[in-house]
Amino acid sequence: MAASLQLPMASSIPSSSSPSTTRPIFKTHCSMKPTCSAKIPMSPINPKDPFLSKLASVAATSPERLLQRPSGSDSLPFLDLFDSPKLMATPAQVERSVSYNEHRPRRPPPDLPSLLLHGRIVYIGMPLVPAVTELVIAELMYLQWMDPKEPVYVYINCTGTTRDDGERVGMETEGFAIYDAMMQLKNEIHTVAVGAAIGQACLLLAAGTKGKRFMMPHAKAMIQQPRVPSSGLMPASDVLIRAKEVITNRDTLVKLLAKHTGNSEETVSTVMRRPYYMDSTKAKEFGVIDKILWRGQEKIMADVLSPEEWDKNAGIQVVDGI
């Protein structure tokens, strides 16, 4: 109402010299539309992320590959884009509910996060800053609201609360917030490391449902101590307070990692004294993951002979009682 009162009166009064001036009042209202429309906020996306780049190219060229996935697929959602990787052990199949598929779109959603969410995927592809934490927790809550029985897939390619060079970009509570949200979910959570899982991201990888924690063959996991934020010109007392908070966060991280990896707190605390890097094999031995995603591994394992057949072909006779 206030905006309409501020309009010039001459624009709404018709003029005798120009018959077409009886329409300016409609033009005035039309000119106000751009100011009333608000842009839909876009979620943060890393443009250099290889997984999102591959997904975007497939969505642009052949969207039917993403919207019409085979019901009997043995791969996790959207990972079949990378040369059809096979699992050593097939995870639980996704059976979409009627409510989720009732109004299924014929074309991919306009943005990649919505496309991933359509496959029940929560993708963490950036450091854990407040905007990323807000998006991830909202997606987890939404997927549980849509169907509390279907699994949720958390794909991780994240450096935690630090950058690649170790610079601190977020508080440790960002990772703990996502962890608590995962623990509150009723759904099974399948975690997949598709790049790097460093610091708090490694905790999220290990916090998946037991037996449903996966890792790509050349992905990396790393655990390290939380870093003290820059003190600058803070008083000495404030520096001490912050240092104590970092120690508290470190102890919490050690307890949670020990809980999900099956190691003792002393073991986790010892390896965390310096950055502890793990490839997929070492991460499986340490208890961070349960299975490694190998291409064609099921066929290779099916062709392997049993120990008894190996002994028989080699001419080895098993002596009873040994």
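List pairs: first in the stretch 164-192 and free of Cβ contacts under 8 Å to residues at least 24 places away in the same chain and under 13 Å from Leu143 (Cβ atoms), second open to solvent by less than 30 Å² (accessible area, probe 1.4 Å) and not β-branched (Val, Ile, Thr), Cβ under 9 Å, 6+ apart or cross-chain?
From residues that are free of Cβ contacts under 8 Å to residues at least 24 places away in the same chain and under 13 Å from Leu143 (Cβ atoms), the pairs are Gln184/Leu140.
Residue under question is Gln144, and the condition is that it be assigned to a helix (DSSP H, G or I), in contact with a Lys or Arg (Cβ under 7 Å, 6 or more places away or on another chain) and either free of Cβ contacts under 8 Å to residues at least 60 places away in the same chain or surrounded by 20 or more Cβ atoms within 10 Å (Cβ to Cβ) (or both); does it hold?
When the stated conditions are applied, Gln144 passes them.
Looking at the stretch 241-262 only, could you name the residues that are charged (D, E, K, R) and free of Cβ contacts under 8 Å to residues at least 24 places away in the same chain?
Arg242, Lys244, Glu245, Asp251, Lys255, Lys259 - these are the residues of the stretch 241-262 that are charged (D, E, K, R) and free of Cβ contacts under 8 Å to residues at least 24 places away in the same chain.
Does the stretch 198-205 include one or more residues that are of a type in the set (A, V, I, L, M, F, W, C), part of a loop (DSSP other than H, G, I, E, B) and either surrounded by fewer than 13 Cβ atoms within 10 Å (Cβ to Cβ) or in contact with a helix residue (DSSP H, G or I) (Cβ under 9 Å, 6 or more places away or on another chain) (or both)?
No, there is no match, as no residue in the stretch 198-205 is of a type in the set (A, V, I, L, M, F, W, C), part of a loop (DSSP other than H, G, I, E, B) and either surrounded by fewer than 13 Cβ atoms within 10 Å (Cβ to Cβ) or in contact with a helix residue (DSSP H, G or I) (Cβ under 9 Å, 6 or more places away or on another chain) (or both).
Can you report the number of residues in the stretch 169-185 which are open to solvent by 70 Å² or more (accessible area, probe 1.4 Å) and either in contact with a His (Cβ under 8 Å, 6 or more places away or on another chain) or modelled with pLDDT under 90 (or both)?
Looking only at that region, the number is 1.
For the stretch 140-152, give me each residue that is under 14 Å from Gln184 (Cβ atoms) and of a type outside the set (Phe, Trp, Tyr).
Leu140, Met141, Leu143, Gln144, Pro148, Val152
Within the stretch 216-227, take every residue that is in contact with an Asp or Glu (Cβ under 9 Å, 6 or more places away or on another chain) and open to solvent by less than 10 Å² (accessible area, probe 1.4 Å) and give me the one that is farthest from Tyr155 (Cα to Cα).
Ala221
Does the stretch 206-248 hold any residues that are modelled with pLDDT under 90, touching a Ser or Thr at 6+ places or on another chain (Cβ under 8 Å) and in a helix (DSSP H, G or I), and which are they?
Within the stretch 206-248, Asp238, Val239, Arg242 qualify.
Could you say whether any residue in the stretch 287-298 is modelled with pLDDT of 90 or more and exposed (fewer than 13 other Cβ atoms within 10 Å of the Cβ)?
no
Among residues belonging to the stretch 117-131 that are closer than 14 Å to Val154 by Cβ and of a type in the set (Gly, Ala, Ser), point out the one that is surrounded by the most Cβ atoms within 10 Å (Cβ to Cβ).
The selected residue is Gly125.
What number of residues in the stretch 180-223 are touching a strand residue (DSSP E or B) at 6+ places or on another chain (Cβ under 7 Å) and of a type in the set (S, T, N, Q)?
Matching residues across the stretch 180-223 total 3.
The values are calculated or read from the model by the stated rules, or taken from the named source; none is laboratory data. What you see is a predicted model; the values in this text were computed from it and never measured. Note that each Cβ is placed from the backbone with ideal geometry, even for glycine, and that neighbours are counted across all protein chains shown. Surface accessibility is based on the protein's heavy atoms, side chains included, excluding ligands, DNA and RNA. Shrake-Rupley method; radii C 1.70, N 1.55, O 1.52, S 1.80 Å.
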